[in-house]
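Data block below; observations after.
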Amino acid sequence: MTTQQLMSDRLRLVPVTVETCIAELEKSPKLSALLDADIPGCWPPPLVTEETLHQFISMLQADEVRLCSWYWIQTSRILNGRDILIGGGGLFTNDDNSCELGYSVLTDFQNQGYATEA
């Protein structure tokens, strides 16, 4: 399964990759460069844990990749500055072909329609 960057009115969705997960686990400034966005000091949002990132890496390295997930980046068109990482979400296909959707958004950006837009 291949994911691509997507754009909406306020968001740029960048695919989650093994490389981004590792940068996130290492709390590396490389994540900012990979996403071309500022990473707020309050990152990660609720539900994004080290365990989650390890699970994502395993799913992305599997023979049959069934995970499509994106980082949600608020575009500078809104901020008149640099893009900022505000959350993420995606879907996972189960063995029975049903899908699970999940997302997590930084508290300061909740209840503003970002999940619906993404």
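The values are calculated or read from the model by the stated rules, or taken from the named source; none is laboratory data. From a predicted model like this one, the values you see are computed outputs, not experimental measurements. Glycine gets a Cβ as well: all are built from the backbone with ideal geometry, and neighbour counts include every protein chain shown. Surface areas here come from the heavy atoms of the whole protein model, side chains and all, with no ligands, DNA or RNA. Shrake-Rupley method; radii C 1.70, N 1.55, O 1.52, S 1.80 Å.
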(request) Just check segment 1-61 against the gyration tensor rule for me: Cα atoms, a ≥ b ≥ c as the square roots of the eigenvalues, rounded for a/c under 1.5, and otherwise prolate or oblate depending on whether a/b exceeds b/c. (result) oblate
(request) Subtract the Cα-Cα distance of Val18 and Phe92 from 0.36 nm times their separation in residues, and report this length gain in nm to one decimal. (result) 25.1 nm
(message) Please report the carbon-and-sulfur percent of the accessible area for the chain; probe 1.4 Å, protein heavy atoms only, DNA, RNA and ligands left out.
(response) 50 percent
(request) Can you sort Thr20, Thr49, Thr107 by 1.4 Å-probe accessible area, starting with the largest? (result) Thr107, Thr49, Thr20
(message) Give me the mean projected area, in nm² to one decimal, of the convex hull enclosing the Cα positions of the chain.
(response) 7.2 nm²
(request) For segment 39-86, just say rounded, prolate or oblate: build the C-alpha gyration tensor, square-root its eigenvalues into a ≥ b ≥ c, call rounded for a/c under 1.5, and beyond that prolate if a/b exceeds b/c, oblate if not. (result) oblate
(message) Could you work out the relative contact order of the chain? I mean the mean sequence separation of Cα pairs under 8 Å and 6+ apart, divided by the number of residues, in percent.
(response) 28 percent
(request) Kindly sort Cys42, Cys21 by accessible area of their heavy atoms, largest first, with the probe set to 1.4 Å. (result) Cys42, Cys21
(message) Ordering Glu64, Glu117 by accessible area with a probe of 1.4 Å, largest first, what comes out?
(response) Glu64, Glu117
(request) Within the set of other residues whose C-beta is less than 13 Å from the C-beta of Cys21, count the net charge using Lys and Arg as +1 and Asp and Glu as -1. (result) -3
